[in-house]
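Q: Okay, handing you the structure first.
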């Protein structure tokens, strides 16, 4: 919409869709949140160091895309896949994929499920229910 509004101006509008970018924010435990453990921060930092690209890669790609007057730029690992997933997958599936990845990199652990040790055992009997006449 912004590009259409500025079509007559000497302004170029481009949307940037970054993937995994190893920025300084992942190295600042205080910026991540007080409830995140040191072990979680270490897992996140390791993941970004191994899988992310340097911010300079993003900056260079932005400059090149502006020179080519591109409307969209996907830059960094998983940028296109992530954008596709955000647009086309159901919310529940996106959440499950995000949580599965968080578990994989050691950033999040699911809460233990309560055990049903005291639940009554099923007898296997089926009770027939009939509607009463009105």
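Just so it is clear, none of the values below were taken in a lab; they were calculated from the coordinates. Values in this document were obtained by computation on a predicted structure and should not be read as measured data. We place every Cβ from the backbone using ideal geometry, glycine too, and count neighbours over all the protein chains shown.
Q: I want to check the label-to-label distance for residue 3 and residue 84. Put each point 7 Å from Cα in the C-beta direction and report it in nm to one decimal.
A: For the pair residue 3/residue 84, the computed spacing is 2.0 nm.
Q: Could I ask something else about it? What ranking do 2-9, 91-98, 104-111 get when scored by the average of other Cβ atoms within 10 Å per residue, highest first?
A: Highest-to-lowest ranking by the protection proxy: 104-111, 91-98, 2-9.
Q: How much length would be gained if the chain were fully extended between residue 103 and residue 12, taking 0.36 nm per residue of separation minus their Cα-Cα distance, in nm to one decimal?
A: Computed gain between residue 103 and residue 12 is 28.7 nm.
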